[in-house]
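Everything on this sheet refers to the single structure shown next.
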Amino acid sequence: MRNKLEDEDTPDDIGFHTYEGKHDAIMANQTISPGEGVRFNQLKINEKIVTNPRFVLMESLGDEVIIGAETMQELGIILDFKNEKLIF
């Protein structure tokens, strides 16, 4: 039997491969927000690949996707705060 998210989607419906259940995420302002943990086989950005990355699906975020520090390090992404850019 496949796991289902709270909205009844299955992992295959939205393209991830492992559903890890409920997961609380610590936000930048140190508050805790509820979400659901999922893993993909791989994430590819600009020819760099991270295998088995974990994401937390959450409602009502200010952005569509927020990449955590650990994944950014694995992808070699550098934040250029002064120029408001990402460097790959």
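Rule-based calculations on the coordinates, nothing more; no lab input. From a predicted model like this one, the values you see are computed outputs, not experimental measurements. A quick note on method: Cβ atoms are made from the backbone with ideal geometry, for glycine too, and the neighbour counts reach across all protein chains shown.
Here are some notes:
- Separation in nanometres of the label points that stand 7 Å from Cα toward Cβ, at Ile78 and Leu43: 2.0 nm
- Three-way shape label, region 11-87, alpha-carbon gyration tensor, a/c 1.5: oblate
- In this rough spin-label picture, where each label sits 7 Å from Cα along the Cβ direction, the Leu61-Ile87 distance is 2.5 nm.
- The value of relative contact order for region 11-87, using C-alpha pairs under 8 Å at least six residues apart, is 20 percent.
- Charge tally in the Cβ shell below 15 Å around Ala28, where Lys, Arg are +1 and Asp, Glu are -1, Ala28 excluded: -3
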